[in-house]
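Structure first, then comments.
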Amino acid sequence: MQTSEIRSSYLDFFGDRGHRIVPSSPLIPHDDPSVLFTVAGMVQFKDALLGHEQRDYSRAVSCQRCLRAGGKHNDLENVGFTARHLTFFEMLGNFSFGDYFKEEAIEWAWTYVRKVLQFEKDRLWITVHPTDDDARQIWTRKLGVTSDRVIDHPDNFWTMGDTGPCGPCSEIFYDQGDKFAGGPPGTKNEDGDRFLEFWNLVFPQFDRSADGELAPLATPGVDTGMGLERVTALKQNVQSNYQIDIFRPIFEKLAELSGNRNLGEVQTQPSFRVIADHIRASAFLISDGILPSREGRGYVLRRIIRRAIRHGYKQDLPNQFFHQLAEPLVDTIGGAYPQLAVASEQIIRALKKEEEQFSTTLQNGMNLLSNELKHVDMGTLPGDVVFKLYDTYGFPVDLTLDICQEHKVGIDEAGYEQLMSQQRAQSRAGERFQEKDLVLALEGTESIFEGYTQLEVSAEVNDIYLNEEGELKATPELTKGQRGALILNQTSFYGEAGGQVGDVGEIRSDDSTFVVTDTKLVNRLILHYGYVEEGIFGRSDKVLAKVDAVKRQDAARNHSATHLLHAALKKVLGGHVQQRGSLVEPDRLRFDFSHDLPLSNSEIEEIESLVNEKISQNSAVCTDVMPYDQAIDEGAVALFGEKYGDQVRVLEMGRGFSRELCGGTHVSSTAEIGLFRVISHSGVAAGTRRIEAVTGRQANLWTKDHESLLAKVNDSLQTNNDGLLDKVKGLLEERNKLERELRAQSARSAGDQAGILIQEAEQLGSVNLISGSVEGGSKSMMTVYDNIKSRIESGVVLLATVDKDKVNLVCGVTKDLVGVVKANDLMKKVAPIVGARGGGKPEMSRAGGGTTVTGINQFFDSAKSEIATLSQMAS
């Protein structure tokens, strides 16, 4: 079976058994700070499993894309060096939210494994928790697995934390034969590859209190997970995940890039395995909106990309090889994940950009590390060297560790962390303070900015600073490979300010080149950060400062667009809108503004249309310098929290539509912006909304991507743009109709049972008791309970049901009777009669897991006696 066949067979198998097929959620968990990435299929169902969220389905099945490369879920170090570890993988899972439990979960798993995957029974082994007699009996008595293959394992217990939901789990193993080392699970040799665990069935059925006591959950759940790549490797009878069909096109491309090496050699070489895994992780992260950066998820992505690039360097692959692997990846798996195909161009651009940045320092960093490894003392690379490799040459610490381990050398992690802590403490404000100190040392000097009218300026080097372990230190010269900052007497480079990022480009002399990677403005001084690519730079050198014209123009488009956007927001939403922050980059813009409510789709469309209307008018962007007070009197918008001098620069565009104070760079006419498209809108804080948008070429690419996606949707639904909305509405109406019919049928049944029980109510003193047994299991019991509660003004409702040979109970008390009968106290006293346990509040309590079905009548009799006594005491 191919990977795609296994994926679809699993979804179809459980879909045929009443499970809602739920699409994979993104790799970035929604509103869940406990994990950095989606690490398992249950992440998107976490609240439903905990009972915190009610969904319109109680059974679900999914194939979830997952990533384990950060925090406590981190497989990065093992990837490439074992047969099974991957950073990115797909997890198949089926879930129950208070619906079915162990019996169905285990039986269906066995059926799928035996009938669909057609694994031989003699190859399969099972583990259970020593206390889980129910699971053991299902495996042995009902399914006929011999008892010697159902092994007690103390690790088979799942917890979400020190307290809260938890429960036993049951794992399925496959015996790969004696060509692999290792023993059965539970033996001293269990860590070998022979007996491979491929499916874990988790049964959250307890609530652990702070004192460690386990109380049964009223609605236990099911959470299973099976690694798609792992089970595919078993089915395809190959020795590692890297040899399955979906990896083959990537390895074929790697074989081609490495000079047509043998495919088998490439598939088993650890460096190539690392690269093949990391292109999958990188591409999916980028498709989910993460880009390489210096912090958070973006830094994890950067670590993954740079680790792959270094392994390519180790195998003599050509420069900028990594992005070339995106195409075979998309061709292989894009059908299952259309967003990957839609974002393919963005993926390639982001990977290529990161390769370009790292390739400039990789060789110098490797030279430094190689030299240091020759002089390592006590088998440990000093922490200051590890830090320098990170800070100066862009080597993530785990990349340095990988290289050191290959030389059987450790790293001084404590020393490195100490230096990192010092750097973190400085923060961005601290960095600014350092730059301001630099300005004070050069008091009386300033850089003249000529970039409003010129992209190339002849200048002279005034001062030079070496970036030594994160600190700028004055130096007479910078030589090839060194990083630092240049200060010129005049420049065309715009220094980061007002939300617009600093320019990039080159500073050249006759035989030397300084690559500018960032530009910052501090007071009147412009600092050009970067590194010497060729030659030497010294004070008083005559140079040519040349800005990257394409990126400057793209940034100018986005900056002018933010002005039009700001004015459009005021026009559509109201004059209360104020800018709260912005980011203007060549590739995109981000605009934060004050507004209390989420924006509707119609508001977004109106805002976008208004901006594009002003762009199409091709009006001139006019600038004027005037006194601050005059600018304000004439209606110019000053930004909240921004400091202005006596003289300010006023930008007007759209024939008076927008008029703001601004020192940034802009287009000369609005038509140069091209197209404006809003790509996302969200809330970032109370009373603050955020819009992200693209313009020009990026807007055209974004539009093209979405048109492509729309075409694919039309193809899938066999319709066209004109009929698409009606088609989707028809499908939704059909689904809603079926769900309404199902609810109506269930409500009629519940209503009938509720009516009978209400008619048979008993008066016990001042208490009206509605009680009895309900057919249909826990879900039906709760529907009947809700029906009764909605139809009575006063009373105690006490119901029982038998669900899969277990007794489940519910008790409800109307507010007027809580002083007489408390549901939780009553349940605590009488539920043990049927062996049930639970908890709740005075107005409602539930218990479950009762094992004494024959005790139900005694349960009701004891409850009635207790209620009568309580009623008499209260009268």
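Applying a DSSP loop filter and a limit of 16 other Cβ atoms within 10 Å to the trypsin sites (Lys or Arg not before Pro) in segment 514-604 leaves ARG524, ARG539.
Taking a ≥ b ≥ c as the square roots of the eigenvalues of the Cα gyration tensor, an a/c ratio of 1.5 or more together with a/b larger than b/c marks segment 299-421 as prolate.
Measuring between their Cα centroids, segment 165-199 and segment 335-373 lie 37 Å from each other.
Over the chain, Cα pairs under 8 Å with separation of 6+ residues give a relative contact order of 6 percent.
Centre-to-centre, using Cα atoms only, segment 476-523 and segment 276-329 are separated by 28 Å. Phi angles across segment 624-633 convert, under the Karplus curve 6.51 cos²θ - 1.76 cosθ + 1.60 with θ = phi - 60°, into 3J(HN,Hα) values of 8, 10, 8, x, 4, 4, 5, 4, 5, 4 Hz, Gly and Pro given as x. A Förster distance of 35 Å, applied to the separation of the beta-carbon atoms of LYS729 and ASN700, puts the FRET efficiency at 0.70. Quantify how much of the Cα-Cα distance distribution of segment 98-245 extends past 22 Å, in percent. Looking at segment 98-245, the distances longer than 22 Å represent 42 percent of pairs. Taking all protein chains as they are arranged and a probe of 1.4 Å, the heavy atoms of VAL128 leave approximately 0 Å² accessible to solvent. Classify the chain from the C-alpha gyration tensor, please: rounded if a/c falls under 1.5, else prolate or oblate depending on whether a/b exceeds b/c. Prolate, since a/c reaches 1.5 and a/b exceeds b/c. What a 1.4 Å probe finds exposed on segment 607-695 is 46% carbon and sulfur by accessible area, rounded to a whole percent. Solvent exposure of the chain amounts to 46 Å² per residue of accessible area, where only protein heavy atoms count and the probe is 1.4 Å. For the residues MET653, MET366, a 1.4 Å probe over the protein chains yields an accessible-area ranking, largest first, of MET366, MET653.
Computed log10 I(q)/I(0) for segment 545-642 at 0.21 Å⁻¹: -1.30, from the Debye equation with unit scatterers placed on every C-alpha and solvent omitted. In segment 307-356, the C-alpha radius of gyration followed by the widest Cα-Cα span (Dmax) gives 11.8, 33 angstrom.
The values are calculated or read from the model by the stated rules, or taken from the named source; none is laboratory data. All values derive from a computational prediction rather than experimental measurement. Ideal geometry is used to build each Cβ from the backbone, glycine not excepted, and the neighbour counts take in all protein chains shown. Note: accessible area is taken over every heavy atom of the protein model, side chains too, but ligands, DNA and RNA are not part of it. Shrake-Rupley method; radii C 1.70, N 1.55, O 1.52, S 1.80 Å.
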